[in-house]
Each structure stands twice: as C-alpha cells, then as structure tokens.
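Trainee: This structure is in structure tokens; I'll ask about it shortly.
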Amino acid sequence: MGKSISVLGSTGSIGRQTLDVVRANEDIQVAGLAAGKNVEYMAAQVRQFHPKVACLWDEDAARELKVRVADTDTRVVCGMEGLIETATLAETDTVVTAVVGMIGLRPTFAAIDAGKDIALANKETIVTAGPLIMERAREKGVRILPVDSEHSAIFQCLNGEDRGKISRILLTASGGPFRGMTREQMENITVAQALRHPNWAMGHKITIDSSTMVNKGLEAIEARWLFGVEMDQIEVVVQPESVIHSMVEFADGSVIAQLGVTDMRLPIHYALHYPERVSFNCGRLDFKKLGTLHFEAPDPENFRGLALAYEAGRTGGTMTTVFNAANEWAVGCFLNGRLRYLEIVDVIEDAMRAHQVKEAPSLDTILETEKETYAYIESRW
C-alpha cells in the first residue's frame, strides 16, 4: 500500500522538489497541499496531484484559487485554520513541513497530535520549540524524519548506532558565496550577489541565511534537539564542494560520513521512504572526476551570525526564538532593500542583547516572544 502525504509549502523550493519525488514514485499519493499565495502554481499542482484539500494562506488568493479549480474535487481552504486542516487530514500518513518561518509551528504540533510522521524541512520549528516538539513526538509515537541535507546525513550516519556513543557531530557547510571575505569586503553586498549560492539551488531566505552562515547556526541548534546532544558536541566544518553532507564521530574515534550529489530530492526521497532505500533516478558521484575534497574551519569573526547562533543555542529558553525571529525580520528587510547586508547580523545581536530569557517556554510563550522581538526591532530599525 502506498504512502499518502500532505505538503506544507508546496509552491516553494522544497515543496516543488517533493512533488518531483512524488512524480517519480507511483507509491506516493498527495492528500493535501498548502502554500502562501501563489495561485498559478497551486492551481497547476491541484490539477496534477488531485489533493483532497488545497490551502492558501492568503484569503484573497484562496478565493481566486477556488474559482480556478471549481471543476475539480479539491476543497480550497485558507489561513492558519486551513493550514492545520491540511496537516491533520485523516488520509495523510506523513506531513512534509516545508513552509518558511515560525508559521510552521502550530500545524506541526497539530500534525504530531494527529499521529502523523513529520518530514521536517521547516527548521524554525525545531530551533524555537525543539524540546516541545521532540517530547510531543515521543509521547505520540511519531517519527521526525529530517529533510535538510545535513540532518538527513546525520540521521543516516546514526542508523543502527547507539546515540549515547556520539562524540561529535561534524556539521558540514559550503561556506557560501562569500567564503574567505572580510566584513569590509562584504560592506556593499547586493541581494543579487547574496542569492548566488555556489552549490545549491534553494529558496531566497535560506540562500541569504547560507551566505551569512546564520543557516549553519540554525542547523546546529536544530541538530542539538533532533539528535539529543549538547551545542558543544556540534562542530561546523567548511567543506566547499558540498559532497560530504555531514559526519558523526563516535566514542571510539570512528567517523561515519554521508556523501552524495547536491540534489535536495535525495534527502526528501529518503525521508518519504524511510526505513527502506528505494531506487531513485538522480545523479551519482564520480570520485575519479571529483579528485579532491577540501576542509576548513569556519570564520566566526567575519561571519558573526554563526557565533551568535551558538550563544543562543547554549542559552536556550526563548533566546533561540529571538535569534530566529530577528533573522527572519532582517533577511526580509534586506531582500526588499530596507537593510544593508551586514546589518542582518547587527539586528540579530541587538535583539539578543535586549532580551530577558524565559526558561522552558510553552508554545504560547514562544509565539509571544516572536511578536515581542518583531516589535522591539521595528522600534529600533
């Protein structure tokens, strides 16, 4: 019997690649689709995949979609209520959480409560509410299956291993388009320059986050909760070719690495078929052509976002929410021309320095902290 999925963020980069995987696998059906306001993309997806429910966050866009697909059996919903409905459909086995930002929190919790496995691509959920998410998943017997290439790599390296014997997680990073540059050299970076990632094709926000190395900091916090380690057991290693997706060092000194081509469909495919490995027609590594792999230490002085992420991760409580929310706000403002490139990290540091940490926050406290962070930054910047 095939698997049935709901895809939250279906018109974005990860969502579209998830549907590529569905096209290549007759054993996967689509029960629900959700996105922001892209009527054109969503209408086409509805006609191809025939979901029971399609959700657009924007009410006007949902109204237009309803007219566009009126001749289909798909029911159109909108807003947070619609997002949660899409995540909790009775027909759905696995929810792919590929929305960007903390908007993914409530539907992810709802999906877990409904007993759905989570194919996790919305890192902000774990960054801000890691302890709550992991505890709720354990209570409900739900699997959290990482979709990020690095976390999928770590997950694969840990297959059959005792997680209590992890010595270090070696989280690899490409270094982004500005690897080796100083802050002075990055003073006048443009949006177009920051969106040119050397190895990966990704959405705008994650591409900017990769360029500042804030993304690697978010991934380190995420790894802490996903794999039950401390922040200081996670070491970032720059691997410019992006061939090694991450590694795990064990108590005996052995290191297991996961390698593959730079294609996000691979970790998506793995998560949707876990624990099986199913044949997939994508690129293969040619080690003879590859020749050499390089490794470097990250540069925390010129890429201060990484150091701030570690500080937030060690502090815990609501500080990770402040780090994440400040970054979301700042990246949005950089993309629309309101902030300069180096000010992204300045905004994050300002918000963190002003914050009074709340320990062991509830979901409501986390969401309130996000609002407070936005209000503070708006008053300052």
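The values are calculated or read from the model by the stated rules, or taken from the named source; none is laboratory data. Being a predicted model, the structure only gives us computed values, none of them experimental. FYI the Cβ positions are ideal-geometry reconstructions off the backbone, even for glycines, and counts take in every protein chain you see.
Trainee: Kindly provide the set of residues from the stretch 1-44 that are at pLDDT 95 or above and among the hydroxyl-bearing types (Ser, Thr, Tyr), ordered by number.
Mentor: Answer for the stretch 1-44, where residues must be at pLDDT 95 or above and among the hydroxyl-bearing types (Ser, Thr, Tyr): Ser4, Ser6, Ser10, Thr11, Thr18, Tyr41.
Trainee: List every residue pair whose Cβ atoms sit under 7 Å apart, with the two residues 6 or more apart in sequence or on different chains, where the first one lies in the stretch 327-349 and is closer than 22 Å to Glu372 by Cβ and the second, anywhere, is among the basic types (Lys, Arg) and crowded, with 17+ Cβ neighbours inside 10 Å.
Mentor: The qualifying pairs are Val331/Lys205; Val345/Arg304.
Trainee: Here's something else I'd like to know. Return the residues of the stretch 20-45 that are hydrophobic (A, V, I, L, M, F, W, C), more than 14 Å from His273 (Cα to Cα) and crowded, with 17+ Cβ neighbours inside 10 Å; say none if nothing qualifies. Break it down stepwise before answering.
Mentor: Going through the stretch 20-45, the residues hydrophobic (A, V, I, L, M, F, W, C) turn out to be 21-22, 24, 28, 30-31, 33-35, 39, 42-44.
Next cut, more than 14 Å from His273 (Cα to Cα) only: 30-31, 33-35, 39, 42-44.
Within the stretch 20-45, Val30, Ala31, Leu33, Ala34, Ala35, Val39, Met42, Ala43 meet the criteria.
Trainee: Of a type in the set (A, V, I, L, M, F, W, C) and surrounded by fewer than 18 Cβ atoms within 10 Å (Cβ to Cβ), is that true of Leu293? Spell out the reasoning first.
Mentor: Working: of a type in the set (A, V, I, L, M, F, W, C): yes; surrounded by fewer than 18 Cβ atoms within 10 Å (Cβ to Cβ): yes.
Yes: the conditions hold for Leu293.
Trainee: Would you check if there is a residue in the stretch 185-193 being touching a Gly at 6+ places or on another chain (Cβ under 9 Å) and β-branched (Val, Ile, Thr)?
Mentor: Here is the first cut: in the stretch 185-193, the residues touching a Gly at 6+ places or on another chain (Cβ under 9 Å) are 191.
With the extra rule that they be β-branched (Val, Ile, Thr), the set shrinks to 191.
Taking every residue of the stretch 185-193 in turn, at least one turns out to be touching a Gly at 6+ places or on another chain (Cβ under 9 Å) and β-branched (Val, Ile, Thr).
Yes/no matrix, rows are residues, columns are (1) farther than 21 Å from Tyr270 by Cα; (2) assigned by TED's automatic domain parsing to the domain that holds Glu222; (3) at pLDDT 95 or above:
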| site | (1), (2), (3) |
| --- | --- |
| Phe155 | no, yes, yes |
| Asn159 | no, yes, yes |
| Gly164 | yes, yes, yes |
| Ser167 | yes, yes, yes |
| Thr172 | no, yes, yes |
| Gly175 | yes, yes, no |
| Thr190 | yes, yes, yes |
| Pro198 | yes, yes, no |
| Met202 | no, yes, no |
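Trainee: Moving on to the next point. Asn336: surrounded by fewer than 21 Cβ atoms within 10 Å (Cβ to Cβ), within 21 Å of Glu378 (Cα to Cα) and not assigned by TED's automatic domain parsing to the domain that holds Met213, yes or no? Step through it out loud before you land on a result.
Mentor: Values: surrounded by fewer than 21 Cβ atoms within 10 Å (Cβ to Cβ): yes; within 21 Å of Glu378 (Cα to Cα): yes; not assigned by TED's automatic domain parsing to the domain that holds Met213: yes.
Against the criterion (surrounded by fewer than 21 Cβ atoms within 10 Å (Cβ to Cβ), within 21 Å of Glu378 (Cα to Cα) and not assigned by TED's automatic domain parsing to the domain that holds Met213), Asn336 qualifies.
Trainee: Now a separate question. May I ask you to verify whether Glu235 is farther than 24 Å from Glu276 by Cα, outside any helix (DSSP H, G or I) and either touching a strand residue (DSSP E or B) at 6+ places or on another chain (Cβ under 6 Å) or in the same structural domain as Pro107 (by TED's automatic domain parsing) (or both)? It would help to see each step written out before you state the result.
Mentor: Numbers: farther than 24 Å from Glu276 by Cα: yes; outside any helix (DSSP H, G or I): yes; either touching a strand residue (DSSP E or B) at 6+ places or on another chain (Cβ under 6 Å) or in the same structural domain as Pro107 (by TED's automatic domain parsing) (or both): yes.
Criteria met by Glu235.
Trainee: List the pairs whose first member sits in the stretch 351-380 and is closer than 10 Å to Val322 by Cα, whose second member is surrounded by 15 or more Cβ atoms within 10 Å (Cβ to Cβ) and modelled with pLDDT under 95, and whose Cβ atoms are under 7 Å apart, counting only residues at least 6 apart or on separate chains?
Mentor: Glu370/Met102
Trainee: Something else now. When only residues in the stretch 164-219 that are touching a strand residue (DSSP E or B) at 6+ places or on another chain (Cβ under 9 Å) and hydrophobic (A, V, I, L, M, F, W, C) count, which is nearest to Arg304 (Cα to Cα)?
Mentor: Met213
Residue-wise test of (1) in the same structural domain as Ala121 (by TED's automatic domain parsing); (2) buried (at least 17 other Cβ atoms within 10 Å of the Cβ); (3) under 21 Å from the mean Cα position of the chain (by Cα); (4) not in a helix (DSSP H, G or I).
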| site | (1), (2), (3), (4) |
| --- | --- |
| Ala62 | yes, yes, no, no |
| Ala70 | yes, no, no, yes |
| Asp73 | yes, no, no, yes |
| Met80 | yes, no, yes, no |
| Ala90 | yes, no, no, yes |
| Val96 | yes, yes, yes, yes |
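Let's see how each residue does on (1) aliphatic (A, V, I, L, M); (2) in contact with a strand residue (DSSP E or B) (Cβ under 7 Å, 6 or more places away or on another chain); (3) under 16 Å from Ala173 (Cα atoms); (4) outside any strand (DSSP E or B):
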site: Asp252; (1), (2), (3), (4): no, no, no, yes
site: Ala257; (1), (2), (3), (4): yes, yes, yes, no
site: Ala271; (1), (2), (3), (4): yes, yes, no, yes
site: Lys288; (1), (2), (3), (4): no, no, no, yes
site: Leu293; (1), (2), (3), (4): yes, yes, yes, yes
site: Pro300; (1), (2), (3), (4): no, no, yes, yes
site: Gly305; (1), (2), (3), (4): no, no, yes, yes
